[in-house]
Amino acid sequence: MKSLLLIIFICISTLCFSQTNHQIVAAGMTWSPDSLTIVHGDTVTWINSTGTHNVNGTTATFPNNAESFGNTVDTNWTYQHVFNFGGGYDYQCDVHAGWGMTGFIEVSVTGLETALLNIVDYYPNPTNKDITIELDRIYNNISVKLSSINGQLISINEYGSASKIYFEIEEPSGIYFIEVSNKEGQIAKLKVIKK
């Protein structure tokens with residue numbers, strides 16, 4: 001029953017929160033724009049109509065990216081990627097990276113992931129164990145709940161007041177959800193990958 005309610009909530013939420021498609025164009029040996037801020041779940045479309053280029057945002061090249069994305073070197077292509085995790089993403093054209101054909105995308109943690117409680121940032125994601133959660137101000141009586149991808153509650157940690165929370169995930173590798181809340185009922189939900 002809980003799973004069914006979760007699926008219904010996700011479907012309704014998806015209909016209520018529209019996602020945006022952003023475009024980045026290969027212009028000579030640069031990306032235009034070369035820096036972009038988007039929201040979790042947004043799509044970025046790279047367009048190359050002149051020259052030989054590619055998009056390389058793989059974790060092999062940029063290990064701090066939360067997920068890999070990219071295409072192969074070619075001419076006249078369009079490539080799309082939906083960003084599912086918050087954080088900063090570096091990318092480059094492998095052919096012209098030495099000439100500065102690099103870019104950066106910041107994926108903000110908003111929408112379904114945060115509601116009322118303002119998370120400024122959380123990092124690193126993916127993590128080996130430690131997570132830092134930065135809030136926009138000091139909140140009192142903070143509770144941090146860690147759950148598995150299946151919704152099973154793993155742990156609850158309580159904090160008196162803080163604007164920055166240090167949290168450890170002792171569990172095995174996988175995808176986890178962190179719920180941060182305060183006594184006023186403000187809440188934020190974060191998705192974290194444990195390496």
Exercise for the section: Please state which of the following conditions GLN80 fails to meet, knowing it meets all the rest: (1) surrounded by fewer than 16 Cβ atoms within 10 Å (Cβ to Cβ); (2) modelled with pLDDT under 95; (3) within 17 Å of the chain's Cα centre (by Cα). Expected result: (2)
Practice task
Name the single residue, out of those in the stretch 87-109 being modelled with pLDDT of 90 or more and among the hydroxyl-bearing types (Ser, Thr, Tyr), that is surrounded by the fewest Cβ atoms within 10 Å (Cβ to Cβ).
Solution key: THR102
Exercise for the section: Scan the stretch 66-84 and report the pairs whose first residue is in the same structural domain as THR43 (by TED's automatic domain parsing) and closer than 30 Å to ASP121 by Cα and whose second residue is assigned to a loop (DSSP other than H, G, I, E, B) and aliphatic (A, V, I, L, M), with Cβ atoms within less than 9 Å and a gap of 6+ or a chain change. Expected result: SER68/ALA60; PHE69/VAL55; GLY70/VAL55; ASN71/VAL55; TYR79/VAL55; HIS81/VAL55; PHE83/ALA66; ASN84/ALA66
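When the residues of the stretch 110-124 are filtered to those that are surrounded by fewer than 18 Cβ atoms within 10 Å (Cβ to Cβ) and either aliphatic (A, V, I, L, M) or modelled with pLDDT of 85 or more (or both), which remaining residue is farthest from ASN64 (Cα to Cα)?
Per the stated criteria, the residue is LEU116.
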Practice task
Evaluate the following for GLY51: is it surrounded by 14 or more Cβ atoms within 10 Å (Cβ to Cβ) and in a strand (DSSP E or B)?
Solution key: yes
Handout entry: Residues satisfying the stated conditions in the stretch 144-166, i.e. over 22 Å from SER108 (Cα atoms) and either β-branched (Val, Ile, Thr) or without any contact (Cβ under 8 Å) to a residue 60 or more places away in the chain (or both)
Key = SER148, ASN150, GLN152, LEU153, ILE154, SER155, ILE156, ASN157, GLU158, TYR159, GLY160, SER161
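The values are calculated or read from the model by the stated rules, or taken from the named source; none is laboratory data. Values in this document were obtained by computation on a predicted structure and should not be read as measured data. With ideal geometry, Cβ positions are generated from the backbone for all residues, glycine too; neighbour counts draw on all protein chains shown.
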